[in-house]
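See structure below.
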Amino acid sequence: QLIESGGGSVQAGGSLRLSCVLAGRTFDSYAMGWFRQVPGKDREFVGSISFDGRSTLYADSVKGRFIISRGNSRNTAYLQMNNLKPEDTAVYHCAASATSVKPYITHYQHWGQGIQVNVSS
């Protein structure tokens, strides 16, 4: 089970940090990813981190603004979002993959329910 927290509302230029806890499974066996979705659009890849934290991958739209990290001792993955823009408004989902850090939805076996992030101009 994946549980996200830390969402909310912020003005453009602000920051938020999302957390994602994996319960009931061996956290350091999984690569972790973050995706986001707005109504009427497909879920899109935001970024991912390898099981050991040594490799990260980001979508071009967030590169240089968002940082993914993980604390394996806490079974938690993080998404630090800086310099937020109104177009970052979405429901953010964390996901766990037993296979890879690649940005494909089908590579992730476990998903959180999502958490809302609103960025106002």
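State, as an integer percentage, the relative contact order of the chain based on alpha-carbon contacts under 8 Å between residues 6 or more apart.
35 percent
Determine the share of region 1-77's accessible area contributed by carbon and sulfur atoms, expressed in whole percent, with a 1.4 angstrom probe.
Answer for region 1-77: carbon and sulfur cover 44 percent of the accessible area.
Just the number please: accessible area per residue for the chain, 1.4 Å probe, all protein chains included, in Å².
With all protein chains present, the chain gives 52 Å² per residue.
The values are calculated or read from the model by the stated rules, or taken from the named source; none is laboratory data. Nothing here was measured: the structure is a model prediction, and the numbers come from that model. Calculation scope for accessible area: heavy atoms of the full protein, side chains included, ligands and nucleic acids excluded. Shrake-Rupley method; radii C 1.70, N 1.55, O 1.52, S 1.80 Å.
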